[in-house]
1. Between the helical axis of 64-74 and the dominant principal axis of the chain, each derived from Cα atoms, what acute angle in degrees is found, rounded to the nearest 10?
2. So what's the gap between the Cα centers of the stretch 81-147 and the stretch 1-76, to the nearest angstrom?
3. By average Cβ neighbour count within 10 Å, what is the ranking of 112-118, 39-45 from highest down?
4. Whole-Hz ³J(HN,Hα) for each residue in the stretch 138-148, computed from phi via Karplus 6.51 cos²θ - 1.76 cosθ + 1.60 with θ = phi - 60°, x for glycine and proline: what do you get?
5. What do the square roots of 5 times the Cα gyration tensor eigenvalues come to for the stretch 1-53, in whole Å, largest first, as semi-axes of the equivalent ellipsoid?
6. Sum -39500 (n - 2.57) across every DSSP H segment of at least 4 residues in the chain, then divide by the residue count to get the 222 nm mean residue ellipticity, nearest 500.
7. In 10 Å bins starting at zero, report the fraction of Cα pairs in the stretch 30-125 per bin as a rounded %.
8. Assuming 0.692 mPa s and 37 °C, estimate D for the chain with Stokes-Einstein, Rh taken as the Kirkwood radius over Cα pairs, in µm²/s.
Amino acid sequence: MKIDVLTLFPGMFVGPLDESIIKRARERGILQLGIHDLRNWTHDRHKTVDDRPFGGGPGMVLKPEPLFEAAESLAGPKTRVILMGPSGRKFTQEIGRELAGYEHLLLIAGSYEGFDDRVRQGLAHDELSIGDYVLTNGALPVMVMIDVVTRLLPGVLGDEESAKEESFSHGLLEYPHYTRPAEFRGMKVPEILLSGHHAEIARWRHEQALERTRERRPDLLEQPEKKD
């Protein structure tokens with residue numbers, strides 16, 4: 001997969017995308033990642049990317065010209081162009097899985113008061129948000145999305161079952177995990193996990209996932225449970 005990012009703050013991406021799973025995916029050629037400064041597509045000496053909103057109001061709005069020019073320079077016929085902004089639909093594991101099926105993503109990080117709406121109308125295929133809160137700009141949401149999508153690419157995780165068993169992969173939170181020692185400070189590992197009965201262990205894990213979801217995220221149970 002190829003992912004290109006348009007941002008006003010390319011320096012924010014140094015570090016987080018150079019470690020751990022994303023680093024290995026890039027080194028192995030599974031993920032090709034490009035971080036681009038939107039100001040490179042401006043044509044005035046001040047590298048202007050924003051202007052005051054028509055109709056008045058606080059803040060500045062990202063201009064359409066550099067965004068269109070940059071996207072048209074980077075995108076191809078198979079590119080999915082996605083804006084990051086608080087008015088977008090909420091990003092989920094399911095959407096991450098959907099995006100992992102594309103050959104090329106162009107992720108555009110918002111800033112200031114957001115985008116001139118003609119960018120939504122004439123350029124973007126989708127707009128996504130990672131939650132109901134306000135961040136300084138769209139760089140962090142873009143990094144979150146890259147991390148989620150990269151983990152879902154074939155060959156990235158050492159154990160392909162890992163992505164299937166994680167929280168939200170079946171519409172539920174993940175079941176509790178335990179490792180050695182079997183007892184620590186009076187807290188014991190549930191006996192079922194030491195039994196070797198795989199069918200019973202699977203049943204216990206499913207029950208625990210349901211219970212945890214009911215307690216912590218009952219909203220997830222309002223949707224149909226996903227099955228492989």
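1. Helix 64-74 sits roughly 60 degrees off the main axis of the chain.
2. A separation of 12 Å, based on Cα centres.
3. Ranking, from highest mean packing down: 112-118, 39-45.
4. x, 5, 4, x, 4, 5, 4, 5, 4, 4, 4
5. Here the semi-axes work out to 29, 11, 8 Å.
6. Helix-only estimate at 222 nm: -9000 deg cm²/dmol.
7. Once binned at 10 Å, the Cα pair distances of the stretch 30-125 give 13, 45, 32, 9, 1.
8. Values: Rh = 20.1 Å.
Estimated via Stokes-Einstein, D reaches 163 µm²/s.
The values are calculated or read from the model by the stated rules, or taken from the named source; none is laboratory data. Computed from a prediction, not measured in an experiment: that's the story for all the values here. Cβ coordinates were reconstructed from backbone atoms using ideal geometry, including for glycine residues, and neighbour counts include every protein chain displayed. Calculation scope for accessible area: heavy atoms of the full protein, side chains included, ligands and nucleic acids excluded. Shrake-Rupley method; radii C 1.70, N 1.55, O 1.52, S 1.80 Å.
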